[in-house]
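See below for the structure under consideration.
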Ligand SMILES: Cc1nn(C)c(C)c1CC(=O)Nc1ccccn1
């Protein structure tokens, strides 16, 4: 059975993250979760999360679900690249998103969450859509929702149609031709260690010359910004009056009044252009004349990350066939 679900920006002012409604258990409990191709744990705020760490989030209460089963002796603990994290125990239960139901999905209930999760009341947990090899459940790793659902889908794919400051969609099991223009360009995916890793064929700043390059990076719906090699972002921000790489603000900032160029990245023989407006990410604080860039250096991360700033400029196909591939189309 195929499915389709909304990807809703959690803040109307800028696209920090997108959440998608899901139901868990019997009777169904509805939570809004962050679908994250950059990780592979499905975890939720729960009745096991200390009240001091819950600030407005909806919670999953397994004790109120007749179909919940404790996965005895199993625990999990995840640390994300930005220093946030969570840990807890594991249940299996019915899990439905956009009409696609997996019975006996591993649902990881949080017993601890870091402050950055406590502080974001609109995110009630994450649904990892990376490869199941990254799942942190111990002693037996668990399968992602997509891996569990794959065999019931018409096609072993899901697509991301994220939008700038608007609601987009995740589709499961099919490719909606009305959501993109031209052709989809498919690229090979490196599944080790478990991210959707692909190689971009280069970049251009604004209307400037295309620079052929091999930029290996991960397609990560769970990361707001896009992090690329220093020489790429230096050449981009060099075109912006007053842009500086600020230690104080932790990245490239620029005068909100400055005009930004677009940014184009290569996908095989094709390319995707990120409009300048997507790269004018946000004012440092409400009303500030200083703006934070949506394109930042990956120098300290050890990985290039094509986050939401890039993904929302395209229609992206995550093809879970064997071998997996990733497809990019303009829209
Ligand atoms: C690797 C990395 N370094 N830095 C600075 C960032 C932001 C990342 C990616 C990352 O942590 N993404 C994330 C965070 C929380 C939940 C889901 N995804």
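Could you check the range 33-52 and list, in sequence order, the residues that are away from the ligand (no atom under 16 Å from the Cβ) and in contact (Cβ under 8 Å) with a residue 40 or more places away in the chain? Spell out the reasoning first.
Step one: of the range 33-52, the residues away from the ligand (no atom under 16 Å from the Cβ) are 46-52.
Passing the criteria: 46, 47, 48, 49, 50.
Scan the range 77-97 residue by residue and report those that are buried (at least 19 other Cβ atoms within 10 Å of the Cβ) and under 20 Å from the mean Cα position of the chain (by Cα).
Scanning the range 77-97 gives 78, 86, 95, 96, 97.
Which of the strands (runs of 3 or more DSSP E) found entirely inside the range 249-316 contain at least 1 residues meeting this: out of contact with any helix residue (DSSP H, G or I) (no Cβ under 7 Å at 6 or more places or on another chain)? Break it down into steps so the answer makes sense when it comes.
Working: elements: 251-255, 263-267, 270-274, 280-283, 290-293, 295-297, 304-306.
In the range 249-316, the matching strands (runs of 3 or more DSSP E) lie at 251-255, 263-267, 270-274, 280-283, 290-293, 304-306.
Only strands (runs of 3 or more DSSP E) wholly contained in the range 205-248 count here; list those with 2 or more residues that are under 30 Å from residue 134 (Cβ atoms) and in contact (Cβ under 8 Å) with a residue 24 or more places away in the chain.
Numbers: elements: 211-219, 226-228, 244-246.
Here the list reads 211-219, 226-228.
Read through the list (1) more than 30 Å from residue 154 (Cβ to Cβ); (2) away from the ligand (no atom under 16 Å from the Cβ); (3) surrounded by 17 or more Cβ atoms within 10 Å (Cβ to Cβ), then give the number of the only condition that residue 184 fails.
In the conditions (1) more than 30 Å from residue 154 (Cβ to Cβ); (2) away from the ligand (no atom under 16 Å from the Cβ); (3) surrounded by 17 or more Cβ atoms within 10 Å (Cβ to Cβ), residue 184 misses (1) alone.
Out of everything in the range 66-97 that is away from the ligand (no atom under 16 Å from the Cβ) and not in a strand (DSSP E or B), what residue ends up being farthest from residue 43 (Cα to Cα)?
Narrowing the range 66-97 to residues away from the ligand (no atom under 16 Å from the Cβ): 66-75, 89-97.
Filter once more, keeping what is not in a strand (DSSP E or B): 66-68.
Values: 66: 19, 67: 17, 68: 14 Å.
Ranking the qualifying residues of the range 66-97, first place goes to 66.
Taking interchain pairs and intrachain pairs at least six residues apart, which have beta carbon atoms under 7 angstrom, with the first residue in the range 102-118 and in contact (Cβ under 8 Å) with a residue 24 or more places away in the chain and farther than 20 Å from residue 72 by Cβ and the second assigned to a strand (DSSP E or B) and within 15 Å of the ligand (Cβ to nearest atom)?
Within 7 Å, the pairs are 113/86; 114/85; 114/86; 117/86.
Just so you know, all these numbers are worked out from the coordinates, no wet-lab data involved. Quick caveat, the model's predicted, so the values are computed rather than measured. No Cβ is skipped: glycine too gets one built from the backbone with ideal geometry, and neighbour counts run over all protein chains shown.
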